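The values are calculated or read from the model by the stated rules, or taken from the named source; none is laboratory data. Only a predicted model underlies this, so the values are computations on that prediction, with no experimental measurement involved. Cβ placement follows ideal geometry from the backbone for every residue including glycine, while neighbour counts extend to all protein chains displayed. Note: areas computed on protein heavy atoms with side chains; ligands, DNA, RNA excluded. Shrake-Rupley method; radii C 1.70, N 1.55, O 1.52, S 1.80 Å.
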Amino acid sequence: PIENYNINSLLSNKLSEGALQVPLQPLNNNLTNLTYQIFEHDSTKYYCYENAIFQAISDLIEIPRFKQVTYHNETTKFDHKNCLNILVVGPGRGLLIDKVLGCLKDLDLNLSRVNIIAIEKNPNVIIHLHEKNKNHWMNKVKILNQDIRNWNGLIANLNFNDNIINGFSNNNKFHLII
C-alpha cells in the first residue's frame, strides 16, 4: 500500500518487491524484448485495445466510401482511393497488429482492400516485427523503423476528422491511427 512509502524509504532504497519504480521512457530509451514481453501479459489492457479497434473499424466501414472494404467479390470494380488505411504507431513486438488483423478478420473484411503501416523506432523489436510479418501476417504490414516524431508522411499530411474518435482523414492517407 502507498501508506508504506515515505521519503525515507524512497531515499534509502530499501523497498520491497512492490516498490515504486522510475517510469519507463520508451520515447527516450529503446525498451528490451523482455520488457515488451512483460507488457504483453497485460491481457486486460490488450482486451480494451482490441474492443476499441473493433469499434473504430466498425464505425469506419459504415461510411459509404469504405463499403468496398466489405466486398469479397474481386470482380467488383474497386477504387483504390477507398482502401482503408491503418497506421499503428509504436507496435512494440506486434501484439497491437495482431489485434488489428484479428478485428479485420472478425469483421470479415477484404484484406486486399486494407493497408496497414507500422512505425516503430526501437531497433530491438524490428527484427521480431519482420519475422511476424513474414510468418504470421502474410507480409500484409509495411514496417518502418522510424521515430514517428520525425516521419514526414504523417506530420505533413494529417488533418483531424471530428466524426471519428481516433479516426483520421487526409486526402485518403490514414483513416485510423492506433
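A few remarks follow.
- Filter result (touching a Leu at 6+ places or on another chain (Cβ under 8 Å) and closer than 23 Å to residue 175 by Cβ) within segment 39-52: 46, 49
- Checklist (1) closer than 18 Å to residue 56 by Cα; (2) part of a loop (DSSP other than H, G, I, E, B); (3) touching a Gly at 6+ places or on another chain (Cβ under 8 Å) applied to residue 121, failing item: (1)
- Of residues in segment 97-118 being open to solvent by less than 10 Å² (accessible area, probe 1.4 Å), outside any helix (DSSP H, G or I) and among the β-branched types (Val, Ile, Thr), the one farthest from residue 49 (Cα to Cα): 114
- Filter result for residue 146 (more than 21 Å from residue 32 (Cα to Cα) and either out of contact with any Leu (no Cβ under 8 Å at 6 or more places or on another chain) or open to solvent by 80 Å² or more (accessible area, probe 1.4 Å) (or both)): no
- For segment 16-30, the criterion of a residue being open to solvent by less than 70 Å² (accessible area, probe 1.4 Å), modelled with pLDDT under 65, out of contact with any Phe, Trp or Tyr (no Cβ under 8 Å at 6 or more places or on another chain) and in a helix (DSSP H, G or I) is satisfied by no position.
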